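Notes for the one structure printed next.
The values are calculated or read from the model by the stated rules, or taken from the named source; none is laboratory data. Just so it is clear, the model here is predicted, and its values are computed rather than measured. Cβ atoms come from the backbone with ideal geometry, glycine included; neighbour counts cover every protein chain shown. Keep in mind that these areas ignore ligands, DNA and RNA; they rest on the heavy atoms of the full protein, side chains included. Shrake-Rupley method; radii C 1.70, N 1.55, O 1.52, S 1.80 Å.
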Amino acid sequence: MATESSAITAAPRATEVETHGVEPIPDAERTAGPLDLFRLIFGGANTIATVVLGTFPIIFGLSFRDALLATLSGLILGALILAPMSLFGPRNGTNNAVSSSAHLGVHGRVVGSFLSLLTAVAFFSISVWTSGDVLVGGANRAIGLPQNDAMVAVAYAVFALLVLVVCIYGFRFMLLVNKIAVVAATLLFLAGIGAFGGMFDASYPGTLPMGDPMYWPSFVGAALIVMSNPVSFGAFLGDWARYIPRGTPAWKTMLATVAAQLSTLVPFLFGLVTASVIATHAPDRFADGDYVGGLLTVSPGWYFMPVCLIALIGGMSTGTTALYGTGLDFSSVFPRFSRVQATIFIGSIAIVFIFIGRFAFNVVQSISTFAVLIVTCTAPWMVVMMIGWFTRRGWYDSDALQVFNRRQRGGRYWFTHGWNWRGLGAWLVSAALSICFVNLPDQFVGPLGNLAGGIDLSIPVGLGLAAVLYPALLWAFPEPRDAFGPDGPRAVPAGPAANIPIVSDDSPEITPTAEEVTA
């Protein structure tokens, strides 16, 4: 007992570089709690990027009242869908992509790694672009700083390098940054009440009355855009929750996740309010879709500096939560890279992409569309994970989850040559059909995007189909008995045990498995 206590006392400080990759975090170092998870989730979303998402219901033509209803609907539904994804980290001590080995197979888990990699790079880019543009525009209005490509490039570079440094230090330094960011950004957003209170009209009518044929497509589309924000966190929760003790009650981590997402109503409301103000007082900016320029146009002079601070703090929060998970996942796909090496490598590529994408090819709008498509593919992957948790009764063999990372073969999650085609098939079919139903006007419309009168059904189709298809495959083709825990499967049958030993790639000798971890 004394040894465990001393180990906890000697836990790494925030300024020490984190050395852990995706291997299970030792119990003695699991010193984070649900409140820390709340700070990281809320800090990562309490940003200008979320504000921009919050403007879409108004941009789509909804009244302020209906825009608020659409925002609440999307936010609550997205938070409830996301919450169970917080369970895997504390149970297995690793990230969610590695945990997905239990349901997609030792090799199939690269699907989760690939999705989180693309999501992180996309949202990191959006964060840097948005925050950099706001910072330069605000500084131009506040102190007359030139607003040109050179200054924008400097802002991007500062953001990106600061984020990369924080991510290199790792989890505890990132947690420290977000502890500050959560409070500071929230206070700055709330200061907007004084800045825009006199201009805001809660009875803003919008341009789409309820009887308009485009009303419901716009309402549903706005709700789904809002919902995509919490869903985008699905692949990353394990990155942070793995530092929470294994015995933490499940309801606490899920409550922290839901509360963090509901708290993002602060930046979403800021977006709704300011968008309606811009539409009323700067209609030319609103018509051009220039939210940043419109925000700076309607802001009083004293609020320019708070806008710059929001951009700086928010950019750091979103960027770190995205890039940290990217480096961690890349080190799991390519075990020869340490977490730090993988973070530097992926971070450098992402920074190059940010500059080329912004100044050479101007893919800013395209990357936003790309991010929506990634989230569309991530939603059915999350369903497979959650149903898998339910059928396994929350039981996992932490040692067998690490087979891929240790360059081994076999184990209870080997299935068919490292691929579990049940989970993979359910995800692939659901994701493919989901993309067909995407309807982003002037950006991307899938082959079936207009089937429901212009309503974007992509995420509901992906979630619903995966929820039906995966259990059906588990019933039609039962998984081996030893893939489940000592209590057996829940609600689905099991086939004969496969009993596939874990074997090192460079040795024919069998490596003994670890003792079973009880739920």
Please go through segment 448-457 and give me each residue that is open to solvent by less than 30 Å² (accessible area, probe 1.4 Å) and either farther than 17 Å from V375 by Cβ or touching a Gly at 6+ places or on another chain (Cβ under 7 Å) (or both), ordered by number. G454, D456
Only one of these conditions is not met by D397: (1) of a type in the set (D, E, K, R); (2) open to solvent by less than 30 Å² (accessible area, probe 1.4 Å); (3) more than 25 Å from F334 (Cα to Cα). Which number is it? (3)
Of all residues in segment 51-71 being closer than 20 Å to D288 by Cα and of a type in the set (S, T, Y), which is surrounded by the fewest Cβ atoms within 10 Å (Cβ to Cβ)? S63
Extreme residue, most open to solvent (accessible area, probe 1.4 Å), among residues of segment 419-447 that are closer than 25 Å to L473 by Cα and in a loop (DSSP other than H, G, I, E, B): F437
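Scanning segment 25-50 for residues that are more than 21 Å from the chain's Cα centre (by Cα) and in a loop (DSSP other than H, G, I, E, B), which turns out surrounded by the fewest Cβ atoms within 10 Å (Cβ to Cβ)? Walk me through it before giving the result.
Applying the first criterion (more than 21 Å from the chain's Cα centre (by Cα)) to segment 25-50 yields 25-31.
So of that shortlist, the ones also in a loop (DSSP other than H, G, I, E, B) come out as 25-26, 30-31.
Numbers: I25: 22, P26: 11, R30: 22, T31: 16.
Among residues in segment 25-50 that are more than 21 Å from the chain's Cα centre (by Cα) and in a loop (DSSP other than H, G, I, E, B), the one surrounded by the fewest Cβ atoms within 10 Å (Cβ to Cβ) is P26.
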Taking segment 371-394 and keeping only residues that are open to solvent by less than 10 Å² (accessible area, probe 1.4 Å) and not in a helix (DSSP H, G or I), one is left with R392, G394
Out of (1) within 20 Å of the chain's Cα centre (by Cα); (2) more than 19 Å from L72 (Cα to Cα), what's the single condition that is false for G221? (2)
Close pairs from segment 302-319: first surrounded by 24 or more Cβ atoms within 10 Å (Cβ to Cβ), partner of a type in the set (D, E), Cβ under 9 Å, at least 6 apart: A311/D133
With respect to V307, determine if the residue is touching a helix residue (DSSP H, G or I) at 6+ places or on another chain (Cβ under 7 Å), under 25 Å from L187 (Cβ atoms) and among the β-branched types (V, I, T). yes
Considering only segment 288-298, I want to know if a residue exists there that is hydroxyl-bearing (S, T, Y), closer than 30 Å to A342 by Cα and either free of Cβ contacts under 8 Å to residues at least 60 places away in the same chain or in a helix (DSSP H, G or I) (or both). no
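If we only count helices (runs of 4 or more DSSP H) wholly inside segment 97-213, which ones have 3 or more residues that are open to solvent by 10 Å² or more (accessible area, probe 1.4 Å)? Working first, answer last.
Working: elements: 101-104, 110-143, 149-169, 171-196.
It comes to 110-143, 149-169, 171-196.
In segment 332-351, how many are part of a helix (DSSP H, G or I) and either open to solvent by 10 Å² or more (accessible area, probe 1.4 Å) or touching a strand residue (DSSP E or B) at 6+ places or on another chain (Cβ under 9 Å) (or both)? Walk me through it before giving the result.
So the first thing to find is which residues in segment 332-351 are part of a helix (DSSP H, G or I), and the list is 332-333, 339-351.
Filter once more, so that each one left must be either open to solvent by 10 Å² or more (accessible area, probe 1.4 Å) or touching a strand residue (DSSP E or B) at 6+ places or on another chain (Cβ under 9 Å) (or both): 333, 340-341, 344-346, 348-349, 351.
Number satisfying all stated conditions: 9.
Taking the conditions exactly as written (within 27 Å of L323 (Cβ to Cβ) and touching a residue at least 60 places away in the same chain (Cβ under 8 Å)), does V277 satisfy them or not? Steps first, please.
Numbers: within 27 Å of L323 (Cβ to Cβ): no; touching a residue at least 60 places away in the same chain (Cβ under 8 Å): yes.
Taking the combined requirement at face value, the residue does not satisfy it.
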